[in-house]
Amino acid sequence: MNIFTSISSYQDWFKEKAAQKRIGFVPTMGCLHEGHLSLIRESQANNDLTVASIFVNPLQFGPKEDLATYPRDFQRDKRLLEQESVDVLFYPEVVEMYPQPLLTHIAVSSDFESRLCGPFRPGHFEGVATVVLKLFNIISPTVAYFGLKDYQQFVLIRQMVSDLNIPIKVVGLPTVRESDGLAMSSRNRYLSSDDRKLAPLLHKALLAIHQAWLSREINRDEQMRTLFSTLLQDAGFVVQYIEKYDHNLLPSSFRPDHTVIAAAVFMGNIRLIDAVLC
């Protein structure tokens, strides 16, 4: 596996070895788990070369978020990527990606920012869009792969590629879950042993909400929020939001075959997100 820490060294390799190849790209913030590896394997199966990146992007963290303590384990990540026969790992330092304060960045519409995680993480999605566009320009992939657990992020990147006419295909793959249903996430390691036992209730509650919509047991958003809170209250969850949209995150009447129901909750100071696609 080639490991590049500078933009110029990667781009020199690309010009010499990969300019005519079909490249699959998996951007990550490290602390890899089976969800990331599922994206790697999809890329391996459908492209000539697979490039992964590990970069904890400061632009997408708010001042009270966990940038300083975000889990990092480079040696473990490197070993996992080598086991998957990844061709290239791009692993830059912050100063390499942002050598000076940015004069330009990607703006995200206030309408999009008003949904799901947006109101609770101001500036987050602009930070995500900006770093992903930078990575796309550096890596020059043919296809980029994202997990659907961070559904709003996936929709944003897909729309950015369309809006800016970027010649990259964006592929979203289903959320990979633990055997008890908990969506895999790098932040799960923050959970205490007691909270880890209760955390799968989030996914179970989302499935129950979906079933209640299908059966017309509930038919208004207020009923959805009330039922969701009731399902989780005994486990000590604090609900930040639960919302439903069509697959493009546009307001719509409920369609059982084209809806996403997404939620964010806190267990203590650990924030968990999950989504059910219908």
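Readers should treat all values here as calculations from the given coordinates under stated rules, not as data from a laboratory. As the structure is a prediction and not an experimental result, all values here were calculated from the model. Positions of Cβ are backbone-derived with ideal geometry, glycine not excepted, and every protein chain shown enters the neighbour counts.
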Q.
Can you give the local net charge around R255? Use residues other than it whose beta-carbon is closer than 11 angstrom to its beta-carbon, Lys and Arg +1, Asp and Glu -1.
A. -1
**Q.** Neighbourhood net charge (15 Å Cβ-Cβ; Lys/Arg +1, Asp/Glu -1) for S140
**A.** +2
**Q.** Degrees, to the nearest 10: 124-139 long Cα axis against longest axis of the chain
**A.** 30
Q) Relative contact order for the chain using alpha-carbon pairs under 8 Å, separation at least 6, rounded to a whole percent? A) 17
**Q.** Selection of GluC sites (Glu not before Pro), region 39-144, meeting DSSP coil and at most 12 other Cβ within 10 Å
**A.** E93
Q: Hey, can you grab everything whose amide H is under 5 Å from the amide H of T259? Only 5+ residues off in sequence or another chain; H modelled, so Pro and N-termini drop out.
A: C278
Q: Mind putting a number on the dipole of region 191-271 about its Cα centre? Charges go on the C-beta only, +1 for Lys and Arg and -1 for Asp and Glu, and I need it in Debye to the nearest 20.
A: 80
**Q.** For region 186-202, 3J(HN,Hα) per residue [Karplus equation, 6.51 cos²θ - 1.76 cosθ + 1.60, θ = phi - 60°, Hz, x = Gly/Pro]
**A.** 4, 7, 4, 5, 6, 5, 5, 4, 5, 5, 4, 5, 8, 4, x, 4, 4
Q: Compute the separation of the alpha-carbon centres of region 20-79 and region 151-220 and state it in Å as a whole number.
A: 18
Q. Counting only residues 5 or more places away or on other chains, whose amide H sits under 5 Å from the amide H of Y241 once H atoms are built in the peptide plane?
A. A264
Q: Mind scanning K21/K134; K64/K244; K15/K169; K78/K149; K169/K204; K204/K244 and naming the pairs with a C-alpha gap bigger than 25 Å?
A: K64/K244; K169/K204
Q: Considering Cα pairs under 8 angstrom that are at least six residues apart, work out the relative contact order of region 191-271 and quote it in whole percent.
A: 29
Q. Out of these labelled values of volume of the Cα convex hull per residue in Å³, [x] 138; [y] 207; [z] 128, which was calculated from the coordinates shown here?
A. [x]
Q. Using modelled amide H (1.01 Å from N, peptide plane; none on Pro or chain starts), what sits under 5 Å from the amide H of G147, excluding residues fewer than 5 places away?
A. L173
Q) G24: net charge of surrounding residues, Cβ under 9 Å, Lys/Arg +1, Asp/Glu -1, itself excluded? A) -1
**Q.** Alpha-carbon centroid distance for the pair region 259-273 / region 100-137, whole angstrom
**A.** 20
